[in-house]
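Data block below; observations after.
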Amino acid sequence: MKHHTDSQIYRNGNSLILAYDHGTEHGPVDFEPMPKSSDPKHVFQVGRHDAVTAIALQKGNAEYYRNWEEENNVKDGAPLLVKLNGNSALPKREDYYSPKQCSVKYALEELGAEAVGFTMYAGSVNEDRMWKEFREVQEEARKYGVPVVMWSYPRGKGIEENDEYSGQKDPDVVAYGARLGLELGADMVKCKYPGRQEDWKQLEEAVPGFKTVMSGGSKRSDKDFLRDIHDTIEVGGNGLAVGRNIFQREDPEELLDKLEKVIFEGKDVEEAI
Ligand code: FBP
């Protein structure tokens, strides 16, 4: 069974996934720096930029997205990636867990998704349960022939209580998370950037030829952000899945223009800026 590399979520082999599931994961607090970003229609509109190869939404927003497209006769909206699981910042849990609230069938048949996404918290006491849920998602997605993107975020007691690791951004942990994506049957992994190019190189060496994208993280300057994404691509990365660094900007299109040059046109930071 081959990996899905011919989907609309790729352009020249790379991807820029606009993630907009923060209202679930972090709450409305993420929209405070740019209040217009709490309106999904604003972010859907941003997703029409040519650089965006997918928009990642929770089920409710995905329904809203399809209605928005229909009502406004939008034909060039970003391909839809439905995030099948997710968790809020509200509960006090024994350890990390991301429950599933959308089936592959619903995402594909009702929402017409072009891809699906799943968060995996390896290292949590809930890892076994999440593996089982991922297995079901992955096998179901294969029947429909759509790519599965794993938000591979190892965290929880297994990481925190292991003295060999310095936390969830430890390069060994991040590389391990990427490898799990490959071995559990994802088509692409989205991983946190540990902070140095050599760390991403280590990750790439753990998954030769496998699709990897950097997870955006909190907002930083255009230059710093472009530098990070450039450095990952230079050592084999395939792009970006980004939320706050886009929708927390007054003019996201400006940064998307620059990202397009770095991610899809192989430009240097200085050429892109
Ligand atoms: P950002 O670019 O804003 O970091 O978004 C990427 C993302 O994976 C989102 O899809 C998700 O909402 C968020 O980060 C989760 O981050 P965390 O679990 O580290 O709080």
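Extension gain for GLU198 to TRP68 (0.36 nm times residue separation, less C-alpha to C-alpha distance): 42.6 nm. Counting protein heavy atoms only, the chain has 45 percent of its accessible area on carbon and sulfur, 1.4 angstrom probe. The Rg/Rh ratio of region 47-204, with Rg taken over Cα atoms and Rh as the Kirkwood radius over Cα pairs, comes to 1.00.
Computed over Cα pairs, the Kirkwood radius of region 112-176 leads via Stokes-Einstein (1.306 mPa s, 10 °C) to a diffusion coefficient of 124 µm² per second. One Cα centroid belongs to region 232-265, the other to region 42-99; the line between them spans 18 Å. Give me the log10 of I(q) over I(0) for the chain at q = 0.09, 0.11, 0.12 Å⁻¹, as the Debye formula computes it from C-alpha points; what are the numbers? Debye intensities relative to I(0), on a log10 scale: -0.37, -0.57, -0.69. Partners of LYS267 within straight-line reach, counting aspartates and glutamates whose Cα lies under 14 Å from its Cα and excluding those fewer than 8 residues away in the same chain: ASP228, ASP231, GLU234, ASP257. With a Förster radius of 25 Å, plug the Cβ-Cβ distance of ILE273 and HIS42 into 1/(1 + (r/R0)^6) and report the FRET value to the nearest 0.05. Using R0 = 25 Å, I get an efficiency of 0.50.
Solvent-accessible surface of the chain, taken per residue with a 1.4 Å probe and all protein chains present: 44 Å². Rg over Rh for region 124-273 works out to 0.99, using Cα positions for both radii and the Kirkwood form for Rh. Given region 34-168, what percent of its DSSP beta bridges are antiparallel, to the nearest 5? Just about 10 percent of them are antiparallel. Restrict the search to region 40-145; then list the trypsin sites (Lys or Arg not before Pro) that DSSP places in a loop and that have at most 10 other Cβ atoms within 10 Å of their Cβ. Listed in order of number, the matching sites are LYS75, LYS92. Among beta bridges identified by DSSP and lying wholly in the chain, the antiparallel ones come to about 5 percent.
Set against the 2.2 N^0.38 Å expectation for a compact globular protein, region 212-260 has a Cα radius of gyration ratio of 1.05.
Over all pairs of different C-alpha atoms, region 1-110 has a mean inverse distance whose reciprocal, the Kirkwood radius, equals 15.2 Å. For a paramagnetic label modelled on GLU139 (point 7 Å from Cα along Cα→Cβ), amide N atoms under 13 Å away are absent within region 183-214.
The values are calculated or read from the model by the stated rules, or taken from the named source; none is laboratory data. Note that the structure is a prediction, hence the values are computed from the model and not measured. Cβ: placed from backbone, ideal geometry, glycine included. Neighbour counts: every protein chain shown. Calculation scope for accessible area: heavy atoms of the full protein, side chains included, ligands and nucleic acids excluded. Shrake-Rupley method; radii C 1.70, N 1.55, O 1.52, S 1.80 Å.
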